Amino acid sequence: MIGDTSFSWTDANSWDTQSVLPIDMAIVNGIAYTAKGYSEGGKNASAFALTSPQQPTALMSPGYLDQDAFVTTDGINVYFAQVSVPAWPASVPYVMAWSIAAKGYYVFPAGSPPPDSASNGLKGVIDLGQPAATGIAVQMNGSILAVAHSKLNEIELFNKTSGAFLSAIILSTPGRMAFEPDGKLWVISGRTVVQIASVGTRNFVSTPLPGLVAPLTVAFDPVKRNVLVADGGTSQQVKTFSEAGLLLSTYGNAVGYTDCSPTVTKTRLYLDRTAGTGYYSQTLLAVAPDS
């Protein structure tokens, strides 16, 4: 076993027993909730306290037809985008939710059961049958759940409680997203990152953040009110911007491992496949409550 930092390799609450490592993460109330992608019938999602990151617990396991690629939370529910498993024809994309208080699946009143509901127990999911989501975000203080669909050039807006469809925002190839507490939405659009103000009404799109090469994911720091972007390609850095779009700082050596040097350091990042074709898992970015 190489790289398993769990306290025990045999304990039920270890990273090895959670199947694959996280590919997306959302943090609220001191707890990190993770999406695990495709796990061959293993644990599709896990959670851990920020005070004990080496002791994750299994959250749910809908089954081998599920591939949870994206996760977001408002502190009440945890929302997952299931992007389907290409090898299984019965696997279709949808968005589901998990109740934090009830510790079980949340049923959207306006939702429908997925085709594999008999095996996984899901009764009410939304965005069913659409092309696979490319990003998901939920308002902490508002009522909107946003789901990006790059193939449709749209961001679908739903009521986060009922699951009712509200409207759609037209945007070129939208990807991963993050809401500000006041409701503004930061979205990856192609090779840029833009802010959408007044989501659901005016939908004003800001000037793109400058100097990005290949944005992979975005997060918002609600304390410092900064925007963080994991930038892949020839950058391989995490870049922090002000709300006004000013670059404040970068983390990671420029070009990362794309220079083919074998030197390994904590400041050299491997964010995407630009550097090679070895083991690769989707890059995630999340901000803890203390920034």
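The values are calculated or read from the model by the stated rules, or taken from the named source; none is laboratory data. Here the structure is a predicted model, which is why all the values come from computation and not from measurement. Cβ atoms come from the backbone with ideal geometry, glycine included; neighbour counts cover every protein chain shown. Calculation scope for accessible area: heavy atoms of the full protein, side chains included, ligands and nucleic acids excluded. Shrake-Rupley method; radii C 1.70, N 1.55, O 1.52, S 1.80 Å.
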Just how large is the dipole of the chain about the Cα centre, in debye to the nearest 20, putting +1 at every Lys and Arg Cβ and -1 at every Asp and Glu Cβ? 340
Counting only protein heavy atoms and leaving out ligands, DNA and RNA, the solvent-accessible surface of L285 at a 1.4 Å probe, in Å² to the nearest 10, equals 30
P(r) tail for segment 64-135, what percent of Cα pairs lie past 18 Å? 32
Could you sort K43, K103 by accessible area so the largest value comes first, with the probe set to 1.4 Å? K103, K43
Per DSSP helix of 4 or more residues, -39500 (n - 2.57); summed, then divided by the residues of the chain. What does that give at 222 nm, rounded to the nearest 500? 0 deg cm²/dmol
Euclidean distance between Cα centres, segment 100-117 to segment 38-85, Å: 14
Using a cut-off of 13 Å between alpha-carbon atoms, which aspartates and glutamates can reach K224, once sequence neighbours fewer than 8 places away in the same chain are excluded? E180, E243, D290
Taking P(r) over Cα pairs in 10 Å bins from 0, in percent as the quantity of interest, determine which of [x] 6, 24, 23, 17, 11, 9, 7, 3, 0; [y] 6, 20, 19, 15, 13, 11, 8, 6, 3, 0; [z] 7, 28, 37, 23, 5, 0 was computed from the displayed structure. [z]
Going by the alpha-carbon gyration tensor, a ≥ b ≥ c the square roots of its eigenvalues, is segment 85-237 rounded (a/c under 1.5) or, if a/c is not under 1.5, prolate (a/b greater than b/c) versus oblate? prolate
Cα centroid separation - segment 126-147 against segment 5-21, whole Å: 30
Considering only T5, L216, S52, whose Cα is most displaced toward the positive end of the charge dipole of the chain, charges sitting on Cβ of Lys, Arg (+1) and Asp, Glu (-1)? L216
Of S189, Q236, A148, whose Cα points farthest to the positive end of the dipole of the chain (charges on the beta-carbon: +1 Lys, Arg; -1 Asp, Glu; origin at the Cα centre)? S189
I want the local charge near Y38. Using Cβ-Cβ distances under 15 Å, sum +1 for each Lys or Arg and -1 for each Asp or Glu among the other residues. -3
The farthest towards the positive end of the charge dipole of the chain, of the residues T134, G104, Y251, given +1 on Cβ of Lys and Arg and -1 on Cβ of Asp and Glu, is Y251
